[in-house]
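These notes concern the structure reproduced below.
Derivation of every value follows stated rules applied to the coordinates shown; laboratory data play no part. Just so you know, these numbers come straight off a predicted model, no measurement behind them. Here the Cβ positions follow ideal geometry from the backbone for every residue, glycine too, while neighbour counts run over all protein chains shown.
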Amino acid sequence: MSVFPMDLSHVTGGIETARGLPNAFYTDPAVFELEKTQVWARNWVAMAFTTDVQENGYAKPLTFLGQPLMLVRDAEGTLRVFQNICRHRGMILVAEEGPIKRAIRCPYHAWSYEMSGALRTTPHVGGPGNNRHDCINRASLGLIEVRSHQWMGIVFVNLDGQAPAFEDYAGDVLDRYAEFDKPLYRCGDEGTFEMSVRGNWKLAIENGAESYHLPWVHPGLNSYSRLEDHYHIDTAGPTCGQGTTVYDPALKFPKFDGLSEKWAKGAEYPMLFPNIMMGFQNDHTFAFIVIPETQERSTERVQLFYASDEVSGDDWREMREKNAVQWRGVFEEDIFVVEGMQRGRHASGFDGGKFSPVMDNPTHDFHAWVARQMSA
Amino acid sequence: MTDPRAALDAALLDAHDRSDQCALVGLYARAADLAEAAGDRDAMCFYLTQAYVFALEVGSEDADALHAKLKAEGREE
């Protein structure tokens, strides 16, 4: 029996006859809540960048889908994700990001945790001056770790801990872009930025997945990357996207070593469902993470990654800034369509939309994937 | 003449107000010494615990010695 109380077979059917996801998927808080378990908890989802915590011995709290989590990089550099709560009374442990010397002390009753998550001490738990009690088994009361995986500078989490291994979940993407799985360099603060969008998270992914809109929304591309230079990325996994065969940027950064001929002029922009778009180009990559805030509001976080640490230098600053401005401009050009479609989803007559069987394949793939997640 | 216990309490309050955990490690350790001198073992372990927790938080090298002392008293794992 379907979890979702609505027949979605018209979404998962063939593109010639399919309709898009119903309006409720964009406007109904009850659907948004159901997505938390059906889509967000049981899949691998992009949550942060590894460089959000750059120093060893550092913690950064964040709220993800309403849950208080924290990124902790320990003294040896290992990055972990924990639920940001004390096992005693559920108090928030880390209110502001900052260095951790040796232990994370709960500000309430001072139960203290090592950066590995182990519960180090439980002060006065057996009465004043007695930090032991037979009922307090520290080994079973460590911080609740969230299953996480790092790839291409991105921190992915699997909130329910039940998803297949990340390598299996994202195997198609990992194989397709294995040539890029090498050191990446953030190279300056300007390449990391975020945008707040008045739109459901899915609209940003849908928009990024297809090239159909490029000549209209990004007319600047027409002169060097025409619509006919683009193709759909079609894989069996939780992915879709688009590629181009004429990548030849005006800004020339150092290129990745050892790329195959395909990447001399090729670039691809895959989505890894549910919430990340990535860019693979011969001189830099990017990650575009969509974080849902409510059913009608999202945060988009972007980070650019270069092929060489050389780009960190002042000699490259002007070009880095131009590149970041250029990308930010492209992403900002997309905001009005995401926000426009969000407003459109309040029109009672809209039936989810009619797809072009030729141009909307990635959008249909994504809608069908969401529909299957919600129905399973 | 100032009562040393009163002076220590004042210093502890001041350090708490300033969130000066490094100072708190030393001040609570001194409070533990006074309690030990007075033969009050429970009070000593209370203050040692306070010192130990703040020592862990600030990464003080005193943490291991404080832990050892509490463990010897049967108050810590």
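Side notes on the structure shown:
- Whole-Å distance, taken between Cα centres, linking region A:318-376 and region A:122-171: 35 Å
- Using θ = phi - 60° and Karplus 6.51 cos²θ - 1.76 cosθ + 1.60, couplings along region A:168-174 (whole Hz; Gly, Pro as x): 7, 4, 10, x, 4, 5, 4
- Simple spin-label estimate for B:ALA65 and A:ARG42 gives 5.6 nm between the two label positions (7 Å along the Cα-to-Cβ direction from each Cα).
- In terms of its C-alpha gyration tensor, chain A comes out oblate, because a/c is 1.5 or above while a/b does not outweigh b/c.
- Radius 13 Å from Cβ of A:GLN150, net charge of other residues (Lys, Arg +1; Asp, Glu -1): 0
- Förster radius 51 Å - calculated FRET efficiency between B:ASP20 and A:ASP7, Cβ distance, rounded to 0.05: 0.20
- The helix-only estimate of mean residue ellipticity at 222 nm for chain B, built from DSSP H runs of length n ≥ 4 each weighted as -39500 (n - 2.57), is -25500 deg cm²/dmol after division by the residue total.
- Multiplying the residue separation of A:GLU179 and A:LYS322 by 0.36 nm and removing their Cα-Cα distance gives an extension gain of 48.9 nm.
- Compared with the direct C-alpha span, the chain from A:LYS262 to A:THR51 gains 73.0 nm at full extension, assuming 0.36 nm per residue.
- Taking a sphere under 15 Å around the Cβ of A:THR122 and counting the other residues whose Cβ falls inside, with K and R at +1 and D and E at -1, yields a net charge of +3.
- Candidates per GluC sites (Glu not before Pro) in region A:214-305, loop by DSSP, up to 16 other Cβ within 10 Å: A:GLU261
- Phi-based couplings in Hz for region B:9-22 (Karplus 6.51, -1.76, 1.60; Gly and Pro marked x): 4, 5, 5, 5, 4, 5, 5, 5, 4, 8, 6, 9, 5, 4
- Prolate/oblate/rounded label for region A:187-273 (Cα gyration tensor, a/c 1.5): rounded
- Separation of region A:7-58 and region A:68-90, taken as the distance between their Cα centroids, equals 24 angstrom.
- Cysteines in the protein assembly as shown that, by Cβ-Cβ distance, have no pairing candidate under 4.7 Å: A:CYS135, A:CYS187, A:CYS240, B:CYS22, B:CYS45
- Estimated [θ] at 222 nm from DSSP helical runs (n ≥ 4, -39500 (n - 2.57)) normalised by residues in chain A, nearest 500: -6000 deg cm²/dmol
- For A:TYR58, the residues whose amide H sits under 5 Å from its own are A:ARG73, A:ILE100, ignoring neighbours fewer than 5 places away on the same chain, with H placed 1.01 Å from N.
- Each principal axis of the Cα atoms in region B:4-72 has its own extent, and those three values, largest first, are 32, 28, 13 angstrom.
- Dipole size of region B:4-72 about its Cα centre, with +1 on Lys/Arg Cβ and -1 on Asp/Glu Cβ: approximately 160 debye, rounded to the nearest 20.
- Once the C-beta distance of A:GLN150 and A:GLU332 is scaled by a Förster radius of 25 Å, the resulting FRET efficiency is 0.35 to the nearest 0.05.
- Backbone N within region A:231-253 under 15 Å of label point (7 Å from A:ARG372 Cα along the Cβ vector): A:234-241
- Radius 12 Å from Cβ of A:ILE291, net charge of other residues (Lys, Arg +1; Asp, Glu -1): -1
- In range of the label at A:HIS213: residues from region A:302-339 whose backbone nitrogen is under 11 Å from the point 7 Å along Cα→Cβ: A:331-339
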